[in-house]
Structure formats: C-alpha cells, structure tokens
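Undergrad: Take this structure, written in structure tokens, and hold onto it; I'll ask about it next.
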Amino acid sequence: MSRATLRNRLRQGSALFLLLLLIFLWSTSCIWFMTKISTATTISQINSELISNVDVVPQRHRLGLSLYLENCSGCHVAVPPQVIPTESWQIILRDSQHYGVQLPLLMDPPRQLVWNYLQVSSRRKSQKDETIPYRITRSRYFKALHPGVKLPQKLNIKGCISCHPKVENFDFRTLNSEWLD
C-alpha cells in the first residue's frame, strides 16, 4: 500500500471519527436539554385542582402548560386555552406579530410541547363556516364561559383580574364577591 493511499484512508477515518463525535455530542446535548425541561417545577406552584381552569391537564401535557405560562404570563394574563378554538391557538403560536408586538417565535421542542398542551386543552371550532377568532372577545367559547356578564365595550386582557382576583395563579374559578351572589 502506498503512502498516498494510507494518508487518504487516515483522513477518511479522521473525518468519520469527527462526524461520529459531533453526532454523539449533539445527541448528548439534546438528551440533556430534554431532561432539563422535563424536570421543570413552575407548574408545582399552581393548585392542582385549578390547573387549566376548566379541564384537568394530563400529566404528559403539564410541561407544555408550564412552558405556556412561562412564555405568556410575563406580558399578560395567560388565558385558559378553552376560551378560543384550537385553530386560533395555531395562528397565535405561528405569528411573530403578537397583537402588534414583535415577539421571537418559540422554537422546538418547547413550541411543540406548548402546542400539544393547547391542542388537548382547547376546543375545535364546531361549525365549518365559523370564522376563526383572533381576539378572545370574538370567541363564542369566551362568551359561553361568561353567560349574563355585561363585558365592557373595550375589553382588555389585563382587566380579567377585576372579576378573577387570583388570575396570577392561573385561577379563573375564584371570582370576586360581586359574582358570588
């Protein structure tokens, strides 16, 4: 075997080794990341009876709920997924212009975890000709959850606290004393 052939084989072997090493390092970092996010504890701060407000969240979707709360409640009230249809959540998750504010889009895997939670917890629009509401106040689900409530003409999502005093804890069931009669 000539020296040139030997050098070529060594280079190919080195290139293959580097490729395998990069694949190993990438896989290890992905596993580490998934382990890190799967042990998130922010959801433990929420009373388990109040998780998702209306429906109980299956254990496999609780990390998605935690990521949803972490990403959304920093700027506004994190509304229960049940108040708008699944199709609205799909649009909202893909829109970097979030109600006029430029936001960085969530990237996978967190985006997929949030989407899985929202998809399981929200409801599909039931009528084919029904428009997909982008605003909560235009959602028939929101209106159904607020029967007999005279909402202000200009509803602000930060105004939820006026009727739901524990909204910071994702508790929409507790109402202020005005609504308890």
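Undergrad: For the condition over 30 Å from Leu180 (Cα atoms), surrounded by fewer than 13 Cβ atoms within 10 Å (Cβ to Cβ) and more than 17 Å from the chain's Cα centre (by Cα), what is the one hit in Gln97, Gln127, Gln59?
TA: Going through Gln97, Gln127, Gln59 in turn, just one is over 30 Å from Leu180 (Cα atoms), surrounded by fewer than 13 Cβ atoms within 10 Å (Cβ to Cβ) and more than 17 Å from the chain's Cα centre (by Cα): Gln127.
Undergrad: Could you pull out every one of the helices (runs of 4 or more DSSP H) wholly within region 75-181 that has 1 or more residues that are hydrophobic (A, V, I, L, M, F, W, C) and closer than 30 Å to Ile31 by Cα?
TA: The helices (runs of 4 or more DSSP H) meeting that bar are 86-94, 110-121.
Undergrad: Separate question: Taking Tyr68, is it under 17 Å from the mean Cα position of the chain (by Cα), part of a loop (DSSP other than H, G, I, E, B) and hydroxyl-bearing (Ser, Thr, Tyr)?
TA: No, not satisfied.
Undergrad: Does Ile132 qualify as being in the same structural domain as Gly100 (by TED's automatic domain parsing), of a type in the set (A, V, I, L, M, F, W, C), touching a Lys or Arg at 6+ places or on another chain (Cβ under 7 Å) and touching a residue at least 12 places away in the same chain (Cβ under 8 Å)?
TA: yes
Undergrad: Between Thr86, Thr174, which is modelled with pLDDT under 85 and either in the same structural domain as Leu65 (by TED's automatic domain parsing) or within 18 Å of Tyr68 (Cα to Cα) (or both)?
TA: Thr174
Undergrad: For region 150-158, indicate whether the set of residues that are surrounded by 14 or more Cβ atoms within 10 Å (Cβ to Cβ), assigned by TED's automatic domain parsing to the domain that holds Ser96, within 13 Å of Pro80 (Cα to Cα) and at pLDDT 85 or above is non-empty.
TA: no
Undergrad: Next up: Within region 107-134, count every residue that is more than 23 Å from Ser66 (Cα to Cα) and of a type in the set (Lys, Arg).
TA: Of the residues in region 107-134, 2 are more than 23 Å from Ser66 (Cα to Cα) and of a type in the set (Lys, Arg).
Undergrad: Looking for something of a type outside the set (Phe, Trp, Tyr), in the same structural domain as Val57 (by TED's automatic domain parsing), out of contact with any strand residue (DSSP E or B) (no Cβ under 9 Å at 6 or more places or on another chain) and under 22 Å from Val56 (Cβ atoms) - is there at least one such residue anywhere in region 92-106?
TA: No, that holds for no residue.
The values are calculated or read from the model by the stated rules, or taken from the named source; none is laboratory data. A quick note: this is a predicted structure, and the numbers were derived from the prediction, not measured. Reconstructed Cβ throughout: ideal geometry from the backbone, glycine too, with neighbour counts over all protein chains shown.
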